[in-house]
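Structure first, then comments.
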Amino acid sequence: MSLFRQVLVLIFLTAMVYGGYVAYGRLMTGTATLSDSQQNRRDAMPVEVAAAKTRTMTSTVEAVGTTHALKSVDILPQASGLIKSIDFASGDHIEKGQVLAEMDSNIERADLAEAKAALVQAKLALDRATKLRASNITAKSTVDQLTAAEAAAEAAVAKAEQRLADRTVKAPFAGMVGMNRVDAGARITDSTIITTLDDLSSVEIEFALAERMFGSTHLGQRVESTTVAYPGRTFIGKIAEIGSRIDPVSRSFKVKALVPNPDNALRPGMFMHVDVVLDAAEALVVPEEAVIAEASSSYVYVVKDGKARRQKVTIGRRAYGVAEILTGLTPDERVVTRGTNKLRDGAAVEVVEATAEVKP
């Protein structure tokens with residue numbers, strides 16, 4: 001083999017060795033990098049996060065109260081007698097003036113007919129006397145007496161009509177009737193309760209507030225109330241009355257809130273949990289579980305570039321599972337809500353699930 005060919009072979013072999021060395025180095029570097037990445041993923045802490053959001057926060061004071069109908073009466077008859085018919089069923093919604101019950105009225109009808117007949121007779125007598133007076137045949141005193149007699153007859157008719165009307169029991173206002181307490185055929189008096197009538201178009205909630213709240217409570221203030229009868233439902237109303245006196249024993253004052261009740265869901269006597277809204281303002285909030293208290297300070301873990309950064313925050317109001325952030329966060333920053341117990345500042349994290357967003 002010539003010297004030239006030997007040099008070519010040597011160059012070729014050298015190139016092959018160098019290429020193999022470079023390929024091996026790259027392969028090993030990639031393997032090491034892959035291993036580091038896998039190692040980082042294996043060491044990352046699984047966490048759940050939520051974004052800081054702006055929503056309306058309210059300052060409230062809590063109380064408990066009892067519902068009362070807007071208007072409520074016991075239905076009693078105006079007279080004693082025998083019940084002829086009952087014209088309602090328990091729970092019926094009735095209109096003002098609707099007939100609830102009728103009593104036997106035969107005697108009252110006869111009395112009215114007699115009074116009307118007497119009135120006709122008095123009118124005829126007065127007409128005759130008036131004509132005779134025009135001819136100076138009848139004295140003026142006779143006409144005056146007959147005029148008074150006519151007026152008395154008219155009064156008697158009015159009284160008879162009222163006694164007849166009293167035999168029919170009518171609703172004084174629109175509302176819902178309660179249970180029927182009498183039956184047709186029963187004899188009742190003017191003190192017998194036939195049923196109850198409640199106007200439930202709105203209800204009043206009566207509750208008490210501490211003396212220190214007297215200066216910050218005013219008419220028209222928003223009230224949010226709930227009851228165990230309707231879980232998850234909030235009834236909105238306004239303060240309608242404020243007591244003028246402070247109880248010297250309990251050091252509290254009475255308040256009444258008026259709550260619309262178009263579907264008659266609320267009934268008199270219900271136990272209500274009441275929140276009186278003192279003020280409302282926009283605030284930055286995070287889920288309450290994201291806040292970690294330590295001595296007199298509070299902080300959260302903010303997720304940035306796959307790592308958890310411990311960040312000090314100032315907490316304001318708390319309500320319904322959220323905490324107001326006064327300083328330390330900006331809107332849409334993601335904070336750890338679950339998995340904080342083992343976290344350290346700068347620890348690698350893996351977001352496995354996002355907590356439901358804070359409702360605005």
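Values quoted throughout were computed directly from the atomic coordinates according to the rules given, and no laboratory measurement underlies them. Small disclaimer: the values here were computed from a predicted structure and weren't measured. When we count neighbours, we look across all protein chains shown, and the Cβ atoms used for this are built from the backbone with ideal geometry, even at glycine.
What the table below lists for this structure:
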read-out: Which of HIS218, HIS273 has the fewest Cβ neighbours within 10 Å, and the rest in rising order; value: HIS218, HIS273
read-out: Size of electric dipole in the chain: Cβ of Lys, Arg +1 and of Asp, Glu -1, about Cα centre, debye, nearest 20; value: 1000
read-out: Cα-based Kirkwood hydrodynamic radius, the chain, one decimal, Å; value: 29.9
read-out: Excluding exposed DSSP-loop GluC sites (Glu not before Pro) (at most 14 other C-beta within 10 Å), longest clean stretch of the chain; value: 96-356
read-out: Two-site FRET efficiency, ALA151 against SER90, from Cβ-Cβ distance with R₀ of 51 Å, rounded to 0.05; value: 0.65
read-out: Top positive-direction residue, dipole computed over the chain with Cβ charges, set ALA348, GLN221, VAL203; value: ALA348
read-out: Karplus 3J(HN,Hα) series, Hz, for segment 180-191 with 6.51 cos²θ - 1.76 cosθ + 1.60 (x for Gly, Pro); value: 6, 9, 9, 10, 4, x, 7, 9, 10, 10, 6, 10
read-out: Per-residue Cβ neighbour rank within 10 angstrom, fewest leading, THR60, THR142, THR189; value: THR189, THR142, THR60
read-out: Gain on full stretching of the segment that runs from ALA295 to ILE193 - 0.36 nm per residue minus C-alpha separation; value: 30.2 nm
read-out: Amide proton proximity set for GLU241, modelled H, under 5 Å, gap of 5+; value: LYS256
read-out: Backbone HN-Hα couplings from phi across segment 106-112 [Karplus 6.51/-1.76/1.60, Hz, Gly and Pro as x]; value: 4, 5, 5, 5, 5, 4, 5
read-out: Hydrodynamic radius of segment 48-111 per Kirkwood, over alpha carbon pairs, in Å; value: 18.2
read-out: Efficiency of FRET from Cβ geometry, PHE214 and VAL277, R₀ 25 Å, rounded to 0.05; value: 0.90
read-out: More than 13 angstrom apart: percent of Cα pairs within segment 105-166; value: 60
read-out: Segment ALA134-ALA186, length gained on full extension (0.36 nm per residue, minus Cα span); value: 13.0 nm
read-out: Under 18 Å from the Cα of LYS307 - lysines, other chains or at least 8 residues apart; value: LYS342
read-out: For HIS68, net neighbour charge (Lys/Arg +1, Asp/Glu -1) across residues whose Cβ lies under 15 Å away; value: -2
read-out: For the chain: relative contact order, % (alpha-carbon pairs under 8 angstrom, 6 or more apart); value: 27
read-out: Mean Cα-pair separation over length for segment 105-166, i.e. relative contact order, pairs under 8 Å, 6 or more apart, %; value: 53
